[in-house]
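Enquirer: Structure below; questions to follow.
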Amino acid sequence: MASDGDPAEPCHRRIPLADIDDGDERFRITTRRSGDDLHLSLQRLGLLTAPLVLPWDRGYILVSGFRRVDACRRLGWEAIPARVLEAQATMYACALQSVGENSLERPLNLIETSRALRLLDQYAPSGNLPPEDASALGLPTHAGLAARLKTLCRMSAEVQDAVLDETVSFAMACEIGQLEEGPSVAFARLFRRLKTSLNKQREIVTLVSEIACRDGLDPGAVLSEPELLRVQDAEDLERNQKTQSIRRLLRRRRFPALTAAEDHFHALRQRLKLGANLQLAPPRDFEGTRYTLTLSFERLEEVDRLRARLDALVRHPDFKTLLTGKGRGFAGTSVP
């Protein structure tokens, strides 16, 4: 790693917990906050790895070991062994120590990686983390990827939580992170409830954004419409059913003519009672007039039966309505 400002080996000293400023978290990158899970090991084995601290004012600030110190405080300890850096250590050297003691011990999650990159950029002498230091710490060195990652820790807490519980992917977080805080939080809350796939999330974001743009609304206002809220709160629907219903409602809102045409087509097709061996498909997006009729069979006698059903189909009034677009016509429907 860069030699500029590298700290000397810290000295080991026992220090009062009251001397550690618990409000200064400038070097914290760990997302887990509670140290309750460390209580048993601390009680039985003691503090195996001393926290790293920097002398500051009349006490110390933490560089590494936030959860350990929290656990020691909760156990009522008054003093702990600590590794104390020289007071002259640079902020960048401390940042390198803070990140390294985490990234070289365990995989960092996306938010921790974002915090680490931000922290190191903040204190790097040039204002940017040198690639060789990033590589030594196991951090991304690709400039474009690093730039996108650094946006994560600046997003709202609810978006970050959705990333941490993997209900929102890195790619989706980058998309909704470009929105105002209100809409981005609304999407994060929705996706945490639905736990749906990235493609379906993208479809929902696109539909909501297009509706909002067309109607001059905030995307959050679209997501707060009563019909959508009722679906989200419906206790008799599973998550997949809620996702399907929300997509259907948004699609109908975005493309009213197209969804009306689809509903009309499906109603007519159901009345035709085609059966399993005949499949009728409409023109794509109901633009044009070319329909597709598919026949499936295994034996010759099935073909005879299908021929009779085709003759009956041609004479069926609903089939004629479907092809001519009469009644609630939809041939040539355009998508706004």
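The values are calculated or read from the model by the stated rules, or taken from the named source; none is laboratory data. Keep in mind the model is a prediction, meaning the values are calculated, not measured. Heads up, the Cβs are rebuilt from the backbone with ideal geometry, glycines too, and the neighbour counts pull from every protein chain shown. For accessibility, only protein heavy atoms count, side chains too; no ligands or nucleic acids. Shrake-Rupley method; radii C 1.70, N 1.55, O 1.52, S 1.80 Å.
Enquirer: Look at the range 190-229 and say how many of its residues are surrounded by fewer than 18 Cβ atoms within 10 Å (Cβ to Cβ), of a type outside the set (Gly, Ala, Ser) and under 18 Å from Glu166 (Cβ atoms).
Expert: 7
Enquirer: Could you check the range 125-169 and list, in sequence order, the residues that are surrounded by 13 or more Cβ atoms within 10 Å (Cβ to Cβ), closer than 23 Å to Gly182 by Cβ and free of Cβ contacts under 8 Å to residues at least 40 places away in the same chain?
Expert: Arg148, Lys150, Thr151, Met155, Ser156, Glu158, Val159, Asp161, Ala162, Thr167, Val168, Ser169
Enquirer: Is there any pair linking a residue in the range 251-268 that is open to solvent by 30 Å² or more (accessible area, probe 1.4 Å) to one that is outside any helix (DSSP H, G or I), with Cβ under 6 Å and at least six apart or on different chains, and which?
Expert: These pairs meet every condition: Phe255/Val335; Ala257/Thr333.
Enquirer: May I ask you to list pairs of residues, at least six apart or on different chains, whose Cβ atoms are under 8 Å apart, with the first in the range 27-46 being of a type in the set (Asp, Glu) and the second being at pLDDT 85 or above and open to solvent by less than 100 Å² (accessible area, probe 1.4 Å)?
Expert: Listed by first residue and then by second, the contacts come to Asp36/Ala71.
Enquirer: Another question about this same structure. Tally the residues that are in a loop (DSSP other than H, G, I, E, B) and either over 31 Å from the mean Cα position of the chain (by Cα) or more than 17 Å from His12 (Cα to Cα) (or both), restricting the search to the range 55-73.
Expert: Residues that pass the stated criteria total 2.
Enquirer: Go through the residues of the range 27-37 one by one and say whether even a single one is under 38 Å from the mean Cα position of the chain (by Cα) and over 23 Å from Gln160 (Cα atoms).
Expert: no
Enquirer: Could you please let me know if Leu40 is closer than 29 Å to Val159 by Cα and part of a helix (DSSP H, G or I)?
Expert: Taking the combined requirement at face value, the residue does not satisfy it.
Enquirer: Would you please name the residue that is most open to solvent (accessible area, probe 1.4 Å), looking only at residues in the range 100-124 that are in contact (Cβ under 8 Å) with a residue 60 or more places away in the chain and in contact with a Lys or Arg (Cβ under 9 Å, 6 or more places away or on another chain)?
Expert: Restricting to residues being in contact (Cβ under 8 Å) with a residue 60 or more places away in the chain and in contact with a Lys or Arg (Cβ under 9 Å, 6 or more places away or on another chain), the top hit is Arg115.
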